[in-house]
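Engineer: This is the structure, below, for whatever I ask next.
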Amino acid sequence: MIAGLARELGFTRAAIVPIEAPRRHALYASWLAAGHAGEMAYLASPEHTGARADLRTLLASARALIVVALAYDRADPIPSGHLVRGRIARYARGEDYHLVMRDRLVLLADRLAAALGRPVASRPCVDSAPVLEREWAERGGLGFVAKNTMLIAPGAGSYVVLGELLVDAELAPTAPDAAPKPRCGTCRSCLDACPTGAFVDAYVLDARRCISYLTIEHHGVIPRELRAAIGTWVFGCDVCQEVCPFNAGAGEAHDPLLSPRSVEHALPDLVALAAKGANQLRQFVRRTALRRVPREVLLRNVAVALGNTGSPDAIPALVALLGERAPLIRIHAVWALGQLGAGAILDAHHDDDPQVRAELASCEPTGDRGTPGSPRTPPRP
Ligand code: B12
Ligand code: SF4
Ligand code: SF4
């Protein structure tokens with residue numbers, strides 16, 4: 001019944017899991033203890049760690065957990081023109097999946113109540129809710145947790161987002177509770193391809209080095225030694241999924257709401273993005289996951305990406321960013337201009353902010369900066 005209701009609502013996969021203790025909570029705790037969560041302090045709060053250990057903390061009357069996966073668009077649109085373009089992670093190119101997922105889970109609860117002929121107490125969970133989402137998806141048989149830590153649903157691949165619905169209805173589990181079978185074999189493509197070397201080991205990611213963390217969760221100055229490796233990602237990163245053989249091919253049908261809203265929401269013209277004022281940017285990010293970062297953080301990311309394009313066409317946009325009020329943006333614009341060999345411009349820039357001045361001082365002196373448009377590639381960390 002649940003599978004049918006979920007399919008009607010557009011979910012790619014759905015399963016029912018009994019309310020039990022998770023098996024990987026100790027791994028989660030050791031990940032936190034190692035400091036791999038960086039500044040995501042909420043993950044270590046007693047409310048979060050407690051609720052992740054016991055689903056009933058979220059709904060005391062819970063009798064079953066419905067886990068779902070929703071596929072998003074994996075195809076890159078084909079842009080026209082020869083603009084300097086950045087990249088936005090695939091999950092963030094369309095309607096914010098948090099909104100889509102929550103709405104669907106609420107509908108699923110309504111349909112379940114109608115099918116059972118009685119009211120159902122429920123609690124939808126997605127992403128920021130204190131739930132070990134990948135473990136429950138694996139326990140429900142939706143797929144397996146892979147070396148890149150992604151839940152891979154064979155057939156659909158890893159380009160799926162997860163959600164859960166706790167319900168007070170007694171529902172029969174849909175998957176045999178067998179031990180999950182990792183299917184990566186000897187492959188380690190994702191671990192080797194990660195541009196910032198964020199994997200400590202298979203199955204263990206140090207978020208502090210992950211481009212997704214650096215461009216979305218971390219709102220301060222990006223460590224200098226990681227900036228070049230970020231490449232042209234301005235929000236999130238898909239490299240460890242792009243190289244995965246389980247993502248080869250077209251995949252299964254995805255939700256149309258999760259398709260890129262426009263080419264600019266997938267492969268944005270960085271010069272145009274850098275020039276957007278507050279209102280234009282608000283419009284651009286409306287109802288997308290991009291709205292989760294403040295303007296200065298997005299423009300910080302755009303500055304880094306412009307610096308990594310190696311294109312002289314990026315220089316005027318970066319000069320304009322030097323006029324931004326937020327020192328965070330100016331710091332990264334200075335770095336980016338240094339990458340593009342625009343030493344004369346930096347020599348002429350005077351700044352009142354001590355952090356921006358420190359960034360200017362850490363750029364090499366004029367003469368060593370090369371000619372504009374000839375980027376220096378710093379050594380990999
Ligand atoms: C914090 C967080 C991040 C952090 C840390 C990610 C990480 N790998 O830990 C950062 C900001 C880096 C991040 C990045 C991304 N995220 Co995120 N993130 C989360 C969040 C909120 C918590 C994850 C967490 O608890 N991490 C701590 C680790 C220890 O737990 P875990 O990821 O569940 O890992 C399990 C395995 O590693 C396993 N494990 C450990 N050792 C071993 C050993 C073996 C043999 C096995 C089999 C398993 C295993 O146990 C762990 C506990 O279950 C979840 C939502 C949620 N509530 O769960 C979304 C979530 C994981 N993120 C998601 C997405 C889409 C992404 C990105 C793809 C976004 C992007 N394109 O930029 C990247 C992917 C990077 C990556 N390779 O993980 C999706 C993943 C969907 C999927 N198919 O797996 C989730 C589930 C959100 C959602 N609702 O869909 N994310
Ligand atoms: S999302 Fe990018 S930076 Fe993060 S682990 Fe995967 S490849 Fe590395
Ligand atoms: S790239 Fe290879 S090792 Fe990495 S998740 Fe995919 S199959 Fe597993």
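Engineer: If you scan the stretch 294-352, which residues turn out to be more than 17 Å from K276 (Cα to Cα) and not in a helix (DSSP H, G or I)?
Structural biologist: Matches in the stretch 294-352: N308, T309, G310, S311, L340, G341, A342, H349, H350, D351, D352.
Engineer: Need the failing condition index for V68 against (1) in a loop (DSSP other than H, G, I, E, B); (2) among the β-branched types (V, I, T); (3) in contact with a Lys or Arg (Cβ under 8 Å, 6 or more places away or on another chain), just the number.
Structural biologist: Going through (1) in a loop (DSSP other than H, G, I, E, B); (2) among the β-branched types (V, I, T); (3) in contact with a Lys or Arg (Cβ under 8 Å, 6 or more places away or on another chain) one by one, V68 breaks only (1).
Engineer: Okay, next question. Quick check: anything in the stretch 180-200 assigned to a loop (DSSP other than H, G, I, E, B), within 13 Å of ligand 1 (Cβ to nearest atom), at pLDDT 95 or above and under 20 Å from G310 (Cβ atoms)?
Structural biologist: Looking through the stretch 180-200, at least one residue is assigned to a loop (DSSP other than H, G, I, E, B), within 13 Å of ligand 1 (Cβ to nearest atom), at pLDDT 95 or above and under 20 Å from G310 (Cβ atoms).
Engineer: Mind checking which pairs have a first residue in the stretch 201-223 that is over 14 Å from E296 (Cα atoms) and a second that is assigned to a strand (DSSP E or B) and more than 9 Å from ligand 1 (Cβ to nearest atom), Cβ under 8 Å, 6 or more apart or different chains?
Structural biologist: Close Cβ pairs (under 8 Å, with a partner that is assigned to a strand (DSSP E or B) and more than 9 Å from ligand 1 (Cβ to nearest atom)) amount to D206/V200.
Engineer: Going residue by residue through the stretch 52-60, is there one that turns out to be farther than 30 Å from V285 by Cα and hydroxyl-bearing (S, T, Y)? Spell out the reasoning first.
Structural biologist: We begin by selecting, within the stretch 52-60, every residue farther than 30 Å from V285 by Cα; these are 52-60.
Retained after the next criterion (residues that are hydroxyl-bearing (S, T, Y)): 57.
Scanning the stretch 52-60, I find at least one residue that is farther than 30 Å from V285 by Cα and hydroxyl-bearing (S, T, Y), so the answer is yes.
Engineer: Does at least one position in the stretch 136-157 carry a residue that is among the hydroxyl-bearing types (S, T, Y) and either over 23 Å from A207 (Cβ atoms) or within 16 Å of ligand 3 (Cβ to nearest atom) (or both)?
Structural biologist: So far as the stretch 136-157 goes, yes, one or more of its residues are among the hydroxyl-bearing types (S, T, Y) and either over 23 Å from A207 (Cβ atoms) or within 16 Å of ligand 3 (Cβ to nearest atom) (or both).
Engineer: Considering only the stretch 173-191, I want to know if a residue exists there that is within 30 Å of S61 (Cβ to Cβ), surrounded by fewer than 21 Cβ atoms within 10 Å (Cβ to Cβ), touching a Phe, Trp or Tyr at 6+ places or on another chain (Cβ under 7 Å) and not assigned by TED's automatic domain parsing to the domain that holds L55.
Structural biologist: Start the filter on the stretch 173-191 by keeping residues that are within 30 Å of S61 (Cβ to Cβ), which leaves 173-180.
Next, only the ones that are surrounded by fewer than 21 Cβ atoms within 10 Å (Cβ to Cβ) stay: 173-180.
Still in the list and also touching a Phe, Trp or Tyr at 6+ places or on another chain (Cβ under 7 Å): 180.
With the extra rule that they be not assigned by TED's automatic domain parsing to the domain that holds L55, the set shrinks to 180.
Scanning the stretch 173-191 turns up at least one residue that is within 30 Å of S61 (Cβ to Cβ), surrounded by fewer than 21 Cβ atoms within 10 Å (Cβ to Cβ), touching a Phe, Trp or Tyr at 6+ places or on another chain (Cβ under 7 Å) and not assigned by TED's automatic domain parsing to the domain that holds L55.
Engineer: Turning to a different aspect of this structure: Do any residues in the stretch 136-158 that are in the same structural domain as R23 (by TED's automatic domain parsing) and over 19 Å from R74 (Cα atoms) have Cβ atoms under 7 Å from those of residues that are within 16 Å of ligand 2 (Cβ to nearest atom) and among the basic types (K, R), where the two are at least six apart or on different chains, and which pairs are they?
Structural biologist: Once the first residue is in the same structural domain as R23 (by TED's automatic domain parsing) and over 19 Å from R74 (Cα atoms) and sits in the stretch 136-158, its partners that are within 16 Å of ligand 2 (Cβ to nearest atom) and among the basic types (K, R) give V145/R134; K147/R188.
Engineer: Name, by its number, the condition in (1) within 16 Å of ligand 3 (Cβ to nearest atom); (2) assigned to a strand (DSSP E or B); (3) among the small types (G, A, S) that does not hold for G163.
Structural biologist: With (1) within 16 Å of ligand 3 (Cβ to nearest atom); (2) assigned to a strand (DSSP E or B); (3) among the small types (G, A, S) applied to G163, the lone miss is (1).
Engineer: Could you check V120 against (1) under 26 Å from the mean Cα position of the chain (by Cα); (2) aliphatic (A, V, I, L, M); (3) more than 15 Å from ligand 1 (Cβ to nearest atom) and say which number it fails?
Structural biologist: Of the numbered conditions (1) under 26 Å from the mean Cα position of the chain (by Cα); (2) aliphatic (A, V, I, L, M); (3) more than 15 Å from ligand 1 (Cβ to nearest atom), the odd one out for V120 is (1).
Engineer: For the stretch 146-172, which positions are more than 23 Å from D103 (Cβ to Cβ), away from ligand 1 (no atom under 13 Å from the Cβ) and surrounded by 23 or more Cβ atoms within 10 Å (Cβ to Cβ)?
Structural biologist: Of everything in the stretch 146-172, nothing turns out to be more than 23 Å from D103 (Cβ to Cβ), away from ligand 1 (no atom under 13 Å from the Cβ) and surrounded by 23 or more Cβ atoms within 10 Å (Cβ to Cβ).
Engineer: Go through the stretch 1-29 and give me each residue that's part of a helix (DSSP H, G or I) and within 8 Å of ligand 1 (Cβ to nearest atom).
Structural biologist: First, pick out the residues of the stretch 1-29 that are part of a helix (DSSP H, G or I): 2-8, 25-29.
Answer for the stretch 1-29, where residues must be part of a helix (DSSP H, G or I) and within 8 Å of ligand 1 (Cβ to nearest atom): H25, L27, Y28.
The values are calculated or read from the model by the stated rules, or taken from the named source; none is laboratory data. If you're wondering where the values come from, they're calculated on a predicted model, not measured in any experiment. All Cβ positions, even for glycine, are placed from backbone atoms using ideal geometry, and neighbour counts span all protein chains on display.
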